[in-house]
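Let me begin by presenting the structure, written as structure tokens, before commenting on it.
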Amino acid sequence: MVEIIKALYKLMLSLKRYGWLCVLGGEIAYWACVLGGYLPWRTQRGVELHHALFETIPGFVWGSWLSYFWGAALVFVFAWVFAWYMVWMHNTSLESSENR
């Protein structure tokens with residue numbers, strides 16, 4: 001029984017580690033998308049769609065550094081919320097019915 005508990009403990013996710021990995025991935029994706037908004041690789045309609053999607057972030061305005069950092073702060077918060085939820089769901093699924 002002790003071996004099973006130790007094996008399950010190794011499978012459990014750490015909120016701190018998983019949270020920071022989610023933040024890192026979210027911030028990289030966010031800044032890549034912001035920079036991609038200025039690259040002329042798409043049609044005009046594609047650029048307009050890209051800008052419109054970013055403007056769904058509350059308070060986001062293209063060309064404002066404050067808006068870019070506000071968006072990064074929101075990604076930080078949402079990444080931690082996502083990490084908390086995923087770690088909770090994963091670790092709860094590993095608990096045996098005897099422990100509940």
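Every number here is computed from the coordinates shown, using simple stated rules; none is lab data. As the structure is a computational prediction, the values presented were derived from the model and not from experiment. Counting neighbours? That spans all protein chains shown, and the Cβs are built from the backbone with ideal geometry, glycine included.
Label sites at VAL77 and LEU35, each approximated as a point 7 angstrom past Cα along Cα to Cβ, lie 2.6 nm apart. Computed over the chain, the per-residue total of -39500 (n - 2.57) for DSSP H runs of n ≥ 4 gives a 222 nm mean residue ellipticity of -25000 deg cm²/dmol, rounded to 500. If each Cα of the chain is one equal point scatterer, what is log10 of I(q)/I(0) from the Debye formula at q = 0.18, 0.21, 0.23, 0.24 Å⁻¹? These q points yield log10 I(q)/I(0) values of -0.86, -1.04, -1.15, -1.20.
Placing +1 on the Cβ of every Lys and Arg and -1 on the Cβ of every Asp and Glu, with nothing else charged, gives the chain a dipole about its Cα centre of roughly 160 debye. Computed over the chain, relative contact order equals 45 percent, with contacts defined as Cα pairs under 8 Å that lie 6+ residues apart. Build a GNM of the chain with springs between Cα atoms under 10 Å apart, and of VAL23, VAL75, VAL47 the one that fluctuates most is VAL47.
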